[in-house]
1. Can you tell me which residues in the range 150-165 are in a strand (DSSP E or B) and under 16 Å from Tyr4 (Cβ atoms)?
2. For the range 51-81, enumerate the residues that are exposed (fewer than 11 other Cβ atoms within 10 Å of the Cβ) and either in a helix (DSSP H, G or I) or free of Cβ contacts under 8 Å to residues at least 24 places away in the same chain (or both).
3. Checking the condition surrounded by fewer than 19 Cβ atoms within 10 Å (Cβ to Cβ) and in contact with a helix residue (DSSP H, G or I) (Cβ under 8 Å, 6 or more places away or on another chain), which residue from Ser97, Ser151, Ser105 passes?
4. What are the residues in the range 111-125 that are in contact with an Asp or Glu (Cβ under 9 Å, 6 or more places away or on another chain) and free of Cβ contacts under 8 Å to residues at least 60 places away in the same chain, if any?
5. Would you say Phe139 is among the aromatic types (Phe, Trp, Tyr), closer than 19 Å to Arg166 by Cβ and modelled with pLDDT of 85 or more?
6. Just a yes or no: is a residue in the range 113-133 polar (S, T, N, Q) and modelled with pLDDT of 95 or more?
7. Under 9 Å between Cβ atoms, which residue pairs at least 6 apart in sequence (or on different chains) link something in the range 153-168 that is more than 11 Å from Leu138 (Cα to Cα) and of a type in the set (Asp, Glu) with a partner that is crowded, with 18+ Cβ neighbours inside 10 Å and at pLDDT 95 or above?
8. Tell me, which residue of the range 118-135 that is touching a helix residue (DSSP H, G or I) at 6+ places or on another chain (Cβ under 8 Å) and assigned to a strand (DSSP E or B) is farthest from Ala9 (Cα to Cα)?
Amino acid sequence: MLEYKLTSADILLNTFTDPLLLAVNIILYIILAFCFVKAKSMRSRMIILTFALILPFAYATPTLTETLKGWDWYGYELEGSKLHIRAWAADEIIDLSNSTVFLTSSDHWRLKVRTFGVSAGEVSMGRYILNNGINAVLFKHKNSERFVVISTSGKYYVIIHPGVERLYEEILRVKGNGS
């Protein structure tokens, strides 16, 4: 069995260390601190303090929600000719025997617009429109020059992570025909 998994803790860590989110948070907390100092009433200060404490939980809500539903990992498991992919909010098992698989570095297969999913730090996953206009389920962790594209029954899946060539080689071995 070949697998590439991220835990919920990995996803949360990526969320809280995303440079853009950190910059927005710093600005937001500076504004909140200014408002807190300028607030005259205790009630106003409590509202500002409550908001400041609740804000990080709002970022974690999507990951925590999926974790409570039983999602303890994100990524994929390859067992036999079945590839189980979990890319928030897609949880699908792909029959590789009836699929087309290729390894590419073409910009046509790179993500363009996220239609549903999450993206923070080095992790992007969910449903995306690719540069070539195709809708696909994407799992991306860090960057990779090359990535695997799987097409089956009119659905597309894109998997990007360092060392993804190993997945491609294993899929070819399982399929046994090199297609």
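1. Keep residues of the range 150-165 that are in a strand (DSSP E or B), which gives 150-152, 155-160.
Ile150, Tyr157, Val158, Ile159, Ile160, listed by residue number.
2. Leu53, Ile54, Phe57, Ala58, Thr61, Leu68, Lys69, Gly70
3. Working: Ser151 fails: in contact with a helix residue (DSSP H, G or I) (Cβ under 8 Å, 6 or more places away or on another chain); Ser105 fails: in contact with a helix residue (DSSP H, G or I) (Cβ under 8 Å, 6 or more places away or on another chain).
On inspection, the qualifying residue turns out to be Ser97.
4. Quick first cut of the range 111-125, residues in contact with an Asp or Glu (Cβ under 9 Å, 6 or more places away or on another chain) only: 119-123.
Hit for the range 111-125 is Ser119, nothing else.
5. Values: among the aromatic types (Phe, Trp, Tyr): yes; closer than 19 Å to Arg166 by Cβ: yes; modelled with pLDDT of 85 or more: yes.
Answer is yes for this residue.
6. Narrowing the range 113-133 to residues polar (S, T, N, Q): 115, 119, 124, 131-132.
When the remaining residues are screened for being modelled with pLDDT of 95 or more, the result is 131-132.
Yes, that holds for at least one residue.
7. Close Cβ pairs satisfying both conditions: Glu165/Val148.
8. Top of the filtered list is Leu130.
The values are calculated or read from the model by the stated rules, or taken from the named source; none is laboratory data. Here the structure is a predicted model, which means the values were calculated and not measured. Don't worry about glycine lacking a Cβ; one is built from the backbone with ideal geometry, like all the others, and counts go over all protein chains shown.
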